[in-house]
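To start, the structure under review is shown below, and the notes come after it.
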């Protein structure tokens, strides 16, 4: 299940000795590296969404205040 030839060789040699710790560690590292870009995109997307929502609320507040001021005249 390793990704590169060197990793595969390392896993196969350690499995031949009866140890599976290297393979498990490599697979965990691969999953970690695989998930980081997606997590980063999700965090940036959430921050953009939150900022966009706040800006929309600010625009609605300003519009309501302007309309209120126009109706008072």
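Consider a paramagnetic label point 7 Å from the Cα of residue 61 along Cα→Cβ; state which residues of region 33-55 have an amide N under 17 Å from it.
50-55
How far, in degrees from 0 to 90, does helix 21-72 lean away from the longest principal axis of the Cα atoms of the chain, to the nearest 10?
It is inclined by approximately 0 degrees.
7 Å from Cα along Cα→Cβ at both residue 70 and residue 50: what's the point-to-point distance in nm?
3.4 nm
For the ranges 59-67, 23-31, what's the packing order if you count other beta-carbon atoms within 10 Å of each residue, average per peptide, and put the highest first?
23-31, 59-67
Hey, how much of the P(r) for the chain falls beyond 17 Å, as a percent of Cα pairs?
66 percent
Angle check, please: helix 5-16 long axis (alpha carbons) against the longest principal axis of the chain (alpha carbons), in degrees 0 to 90, nearest 10.
Approximately 50 degrees, to the nearest ten.
Every number here is computed from the coordinates shown, using simple stated rules; none is lab data. Computed from a predicted model, the values in this text were never measured in an experiment. Every residue, glycine as well, gets a Cβ built from its backbone with ideal geometry; the counts of neighbours run over all protein chains shown.
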